[in-house]
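The values are calculated or read from the model by the stated rules, or taken from the named source; none is laboratory data. None of these values were measured; they are calculated from a predicted model. FYI the Cβ positions are ideal-geometry reconstructions off the backbone, even for glycines, and counts take in every protein chain you see.
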């Protein structure tokens, strides 16, 4: 009965998808109304094949590396050594939101992340906007990390063989080159691995995460040997405003928490596994970020960070006077950034999958390849888009745009906890937010504070993106939404119940 009332809402923007329907679809692999019976039910059904540590590795992989290998180059000039406080602010915000993610991920263990949560709590219009934010967030972040991969690859080639890839083929237009070939190669390799299967990708990613953590711990140990208190003064040359701006900019480094929730439909025992994986991710990431940031700013004057390529490797080379530590870190960064790009592409394909299954996008996005159980079409589309951005567009200015998309998604998740607690208190929750309702309220407040610290141009670009998303929604999605066809939805619900 709940499904009938939601589908007959007067305003399509306010249509909500019942939690029971979301879960039933994820568990049954039911076909959308009107979809061809291609490949059987498995044609749109993701496989539950990922365990706790593999899911946690997805979160750690997407978070550690997205920022820490290159974000200091932009954050330290804004905040100085007080970038440490910026990381703490971002970590507190991510921690509060991560707890909210843990509750919703254990309650609605599906593939769409905050898009699906918004659909269940706030309605179709906001859900589509959140989906657009997530696609922007993952697309820009994947492109940015792919670009940075070329920097560390060049560092490794220089240290090992004394050669580098020419700038014309290693940087996009506007950054001294014509075409970023290493970035395209990276995206292609990640797409091939993703198409092969989720469990295979997760297994390879878990190995790369172990290498990444080892490398960063090595960096902290070596860089702290060059600790100079003089490098920490002046501590906050640009005051509180600089600290806030840096915190807002680096917040995109915490999108790994959202990446964990995109794996909800492929995770074994998700009600227990998802919250544990999010909390493990949060603890590991926070310790590593603050440790690396402290070691870096204490080992090198803050005025040397701006424009420094392969920054962490360069710091090790300067500290030790030898090439081998920088060589090890550059190799680790190449592995690390590969895993980051892999997970960011993964998250984007699963959000497209959920939106396609809901009718928000053409149904081709809701199909998986029966042989591997992966959305191969989505992977190809995402791969082409990200490769083109990384190859031809200088993305430094888009870091804030990724942060804004992330903060919008995080705010929706925190508000969703409050709404779902009030509207459906009897739902099966594998984890409950401690300190409710204060925790989600504080999460929303911190997110809004970081939004306030973003550059004004970011909001203009964000508005253009949302305008494009609105055009797609009102031109296609509002008419093709599964909730726009209540009779067919009732038939589907009956089929699911009897399955």
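For the criterion of being over 14 Å from the mean Cα position of the chain (by Cα), closer than 30 Å to residue 446 by Cα and outside any loop (DSSP other than H, G, I, E, B), residue 403 fails. The test for being touching a helix residue (DSSP H, G or I) at 6+ places or on another chain (Cβ under 9 Å) and closer than 30 Å to residue 245 by Cα holds for residue 129. As for region 229-249, it holds at least one residue that is surrounded by fewer than 18 Cβ atoms within 10 Å (Cβ to Cβ), touching a helix residue (DSSP H, G or I) at 6+ places or on another chain (Cβ under 7 Å) and over 21 Å from residue 289 (Cβ atoms). For residue 297, indicate whether it is in a helix (DSSP H, G or I), at pLDDT 85 or above, in contact with a helix residue (DSSP H, G or I) (Cβ under 7 Å, 6 or more places away or on another chain) and surrounded by fewer than 17 Cβ atoms within 10 Å (Cβ to Cβ). Considered against the rule, which asks whether it is in a helix (DSSP H, G or I), at pLDDT 85 or above, in contact with a helix residue (DSSP H, G or I) (Cβ under 7 Å, 6 or more places away or on another chain) and surrounded by fewer than 17 Cβ atoms within 10 Å (Cβ to Cβ), residue 297 comes out as no. Inspection of region 18-27 finds a residue satisfying the criterion of being at pLDDT below 75, surrounded by 15 or more Cβ atoms within 10 Å (Cβ to Cβ) and touching a helix residue (DSSP H, G or I) at 6+ places or on another chain (Cβ under 7 Å). In the set (1) crowded, with 24+ Cβ neighbours inside 10 Å; (2) over 20 Å from the mean Cα position of the chain (by Cα), the condition left unmet by residue 414 is number (2). Filtering region 433-469 to residues that are free of Cβ contacts under 8 Å to residues at least 60 places away in the same chain and outside any helix (DSSP H, G or I) leaves 435, 436, 437. Checked against the criterion of being modelled with pLDDT under 85, buried (at least 18 other Cβ atoms within 10 Å of the Cβ) and in contact with a strand residue (DSSP E or B) (Cβ under 7 Å, 6 or more places away or on another chain), region 202-213 has at least one qualifying residue. Taken over region 319-335, the criterion of being over 14 Å from residue 217 (Cα atoms), touching a residue at least 60 places away in the same chain (Cβ under 8 Å) and more than 25 Å from the chain's Cα centre (by Cα) is satisfied by 319, 320, 323, 327. Determine, yes or no, whether residue 290 is modelled with pLDDT of 80 or more, surrounded by fewer than 24 Cβ atoms within 10 Å (Cβ to Cβ) and part of a helix (DSSP H, G or I). Yes. Scanning region 120-136 for residues that are under 18 Å from residue 482 (Cα atoms) and at pLDDT below 90 gives no hits.
Do we find a residue being buried (at least 17 other Cβ atoms within 10 Å of the Cβ), modelled with pLDDT of 90 or more and outside any helix (DSSP H, G or I) anywhere in region 474-491? Yes, region 474-491 contains at least one residue that is buried (at least 17 other Cβ atoms within 10 Å of the Cβ), modelled with pLDDT of 90 or more and outside any helix (DSSP H, G or I). Within region 251-273, does at least one residue satisfy the condition of being at pLDDT below 85, touching a strand residue (DSSP E or B) at 6+ places or on another chain (Cβ under 8 Å) and either in a helix (DSSP H, G or I) or within 21 Å of residue 329 (Cα to Cα) (or both)? Taking every residue of region 251-273 in turn, at least one turns out to be at pLDDT below 85, touching a strand residue (DSSP E or B) at 6+ places or on another chain (Cβ under 8 Å) and either in a helix (DSSP H, G or I) or within 21 Å of residue 329 (Cα to Cα) (or both).
Exactly one residue out of 359, 347, 311 is closer than 27 Å to residue 201 by Cα and surrounded by 19 or more Cβ atoms within 10 Å (Cβ to Cβ), and it is 347. Name the single residue, out of those in region 60-93 being modelled with pLDDT under 85 and part of a helix (DSSP H, G or I), that is farthest from residue 417 (Cα to Cα). Here the answer is 73.
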